[in-house]
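A short write-up of the structure that comes next.
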Amino acid sequence: MYEIIQNVIQSGRYELSDMLKKIDTMWIQGEITEEEKTELVKLAQENADPTNSYAPLQEQIGQLFEKYDQLESRVTALEGSEEPEPEEWPEYVQPTGTHDAYNTGDKITYKGKHYICKVDNCVWNPEEYPQGWETAE
């Protein structure tokens, strides 16, 4: 049996992982010795034809690189074309209490002008409490 496997390995017409499994099976079944197993494994690894043994993996890697290149092209195209979203300045609405009061950093439009709130829990408009609002440009 050793010679048959050796001839197949020397022909180079095998898939490496499949051949290694067969060698292990033959060793477990007692058809080859430990020394023969070691020799066959080494021979199989040295003579493995990458196109037979690793073709599926190489194809997957190639496909991944293609997808990566496509994605990179799309991202590059989008980076230059994206416009920033316009800031939202909602119209001022009189709060009815602290639950809907304005807080630091909130942006509003009041009588056509933009304001940014400078305090938390602000329930007054910019006219009534100008210290609580900063005019934005």
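Remarks
- Scope the range 86-113; condition within 10 Å of Asn125 (Cα to Cα), open to solvent by less than 70 Å² (accessible area, probe 1.4 Å) and not in a strand (DSSP E or B); matching residues: Tyr92, Pro95
- Subset of the range 117-137 [touching a helix residue (DSSP H, G or I) at 6+ places or on another chain (Cβ under 7 Å), hydrophobic (A, V, I, L, M, F, W, C) and over 16 Å from Thr96 (Cα atoms)]: Cys117, Val119
- For Val41: the one exception among (1) in a helix (DSSP H, G or I); (2) of a type in the set (Val, Ile, Thr); (3) modelled with pLDDT of 85 or more; (4) open to solvent by 80 Å² or more (accessible area, probe 1.4 Å): (4)
- Members of the range 1-26 that are part of a helix (DSSP H, G or I) and either at pLDDT below 85 or under 38 Å from the mean Cα position of the chain (by Cα) (or both): Ser11, Leu16, Ser17, Asp18, Met19, Leu20, Lys21, Lys22, Asp24
The values are calculated or read from the model by the stated rules, or taken from the named source; none is laboratory data. All values derive from a computational prediction rather than experimental measurement. Counting neighbours? That spans all protein chains shown, and the Cβs are built from the backbone with ideal geometry, glycine included. Just the protein is used for accessible areas: all its heavy atoms, side chains included, with ligands, DNA and RNA removed. Shrake-Rupley method; radii C 1.70, N 1.55, O 1.52, S 1.80 Å.
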